[in-house]
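Colleague: First, the structure itself, so that you have it in front of you.
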Amino acid sequence: MIDKIKEWMIDSANIMFDDSKSDLRSLPKTVRLQILIVLSFIWSTVFSLYVFSLTTFIWGWAGVVMAHIGLIIAVYITFKFFHKANKEKQSVFETGNYNPAKIFVVFFIIFFIFIFTKGVEVLTKTNSYSIPYSGPDTSVIDRIKKFVK
């Protein structure tokens, strides 16, 4: 069962990221990435227009877009690292190869989690106040009289 799920996940990733199996294989890699990001912008906008109100739209949209872009990049980097690990069969800790790209990935994942949680916070936040408001203590005329003699 687990092997079937693993094979399905690898096949799904191969459709987008493997040069020999992708429908977009004739395009350069940068153009393929650009297409994926544009599609994430489109679907994020459609989802945000449907789910968020006008006041929370921009925050929700930004969270959804960052989540899509982060997911695309994270899946791509993960896919490449696993294929590289299958070829080399040597641990990073054994070689001591701590390059900036790997450190960037760790920070990016932490940033991605932060942005995603902010998007979830916007989705679950209510716009009601906990302190009830019964109106002003004085009338409009009384407040104007304080400033006018």
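Colleague: Residues in the range 69-81: is at least one within 19 Å of Lys125 (Cα to Cα) and either out of contact with any Pro (no Cβ under 9 Å at 6 or more places or on another chain) or not in a helix (DSSP H, G or I) (or both)?
Modeller: No, there is no match, as no residue in the range 69-81 is within 19 Å of Lys125 (Cα to Cα) and either out of contact with any Pro (no Cβ under 9 Å at 6 or more places or on another chain) or not in a helix (DSSP H, G or I) (or both).
Colleague: State all residues of the range 37-55 that are hydroxyl-bearing (Ser, Thr, Tyr) and buried (at least 16 other Cβ atoms within 10 Å of the Cβ); if no residue qualifies, say none.
Modeller: Scanning the range 37-55 gives Ser40, Ser44, Ser48.
Colleague: Now for a separate question. Out of Met9, Met1, Met16, report the one residue that is farther than 18 Å from Phe79 by Cβ, at pLDDT below 80 and of a type outside the set (S, T, N, Q).
Modeller: Just a single option satisfies the conditions, and that option is Met1.
Colleague: Within the range 134-148, identify whether any single residue is within 26 Å of Ile73 (Cβ to Cβ) and either surrounded by 10 or more Cβ atoms within 10 Å (Cβ to Cβ) or at pLDDT 80 or above (or both), and answer yes or no.
Modeller: no
Colleague: Return the total of residues in the range 35-68 being in contact (Cβ under 8 Å) with a residue 40 or more places away in the chain and in a loop (DSSP other than H, G, I, E, B).
Modeller: The number of residues fulfilling the criteria is 3.
The values are calculated or read from the model by the stated rules, or taken from the named source; none is laboratory data. As the structure is a computational prediction, the values presented were derived from the model and not from experiment. In this analysis, Cβ positions are derived from the backbone assuming ideal geometry, glycine residues included, and neighbour counts consider all displayed protein chains.
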